Amino acid sequence: MNNHETHDVVSFTALKDSTAEDWKILRAHFQQLASGLPDRILDHLKLLNGDFGGFPVDRLQHSLQTATLAHQAGEDEEYVVCALLHDIGDTLGCYNHADIAAAILQPFVSEENHWMIQHHGIFQGYYFFHHLGLDRNLREQFRGHPCFERTAKFCEKYDNPAFDPNRKPMRLDEFAPMVRRVFSAPKRSIYSALV
């Protein structure tokens with residue numbers, strides 16, 4: 001069935017010709033799309049299941065371990081969701097996974113948590129870049145930034161040790177309510193006007 005058969009459709013074919021009435025229709029469609037975002041995120045995380053990439057645990061287990069470690073350490077719910085999603089970009093952003101995760105999280109999390117996720121790839125490199133002929137101290141370019149220590153701690157305590165096949169993390173469904181709460185309403189987005 002075509003989407004146009006069951007829903008109102010706008011009258012324009014170019015945005016410059018849109019009307020306030022058109023945007024009432026679009027707002028309703030947008031709200032429906034936005035309400036499904038947490039479930040789409042959880043479904044996308046499931047794509048990481050079984051993708052080991054040579055690691056001792058698959059990418060989903062790594063994400064679950066990272067979030068579990070953060071949760072067990074008493075980090076707040078937003079931080080834990082960031083930990084869960086930090087590598088969600090692996091499937092579509094092989095060369096910039098941190099940017100993908102940060103873009104998904106940006107409207108819903110604090111600037112500090114956004115910065116931490118956006119830069120975690122460079123900070124995590126401290127533990128292995130030298131094996132690839134790269135500068136393991138690449139993160140030092142950010143020394144003095146207000147989020148430097150936060151990001152270094154995230155990598156050291158939660159991301160770095162989360163490759164243990166003997167560690168039993170929390171299940172994805174245990175994190176689902178947290179994901180739904182964090183993604184329930186944007187904090188920073190020009191598109192908030194559509195909600």
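Taking Arg27, Arg150, Arg180 in turn, the Gaussian network model of the chain (Cα-Cα springs below 10 Å) assigns the largest fluctuation to Arg27.
Working ranking of peptides 118-128, 62-72 by packing, defined as the average number of other Cβ atoms within 10 Å per residue, highest first, is 62-72, 118-128.
Computed about the Cα centre, the dipole magnitude for the chain is approximately 260 debye when only Lys and Arg (+1) and Asp and Glu (-1) carry charge, each at its Cβ. Taking max minus min of the alpha-carbon positions on each principal axis, region 100-195 gives extents of 47, 36, 20 Å, largest first. What the Cα atoms of the chain give is an Rg and a Dmax of 19.3, 59 Å. Basic side chains Lys and Arg get +1 at the Cβ, acidic Asp and Glu get -1 at the Cβ, and with that the dipole of region 86-195 about its Cα centre reaches some 300 debye. Pull up all non-local amide H partners of Arg136: gap of 5 or more, or a different chain, and H-to-H distance under 5 Å with H placed in the peptide plane. The answer is His130. Highest average first, the peptides 164-171, 95-102 ordered by how many other beta carbon atoms sit within 10 Å of their residues are 95-102, 164-171.
Please list the equivalent ellipsoid semi-axes of region 1-74, computed as the square roots of five times the alpha-carbon gyration tensor eigenvalues, in descending order and whole angstrom.
Numbers: eigenvalues 347, 47, 23 Å².
Whole-Å semi-axes of the equivalent ellipsoid: 42, 15, 11.
Read-outs: derived from the displayed coordinates by stated rules, not from any lab. It should be emphasised that the depicted structure is a prediction, and the values quoted were computed from it without experimental measurement. Glycine also receives a Cβ, built like all others from the backbone with ideal geometry; neighbour counts cover every protein chain displayed.
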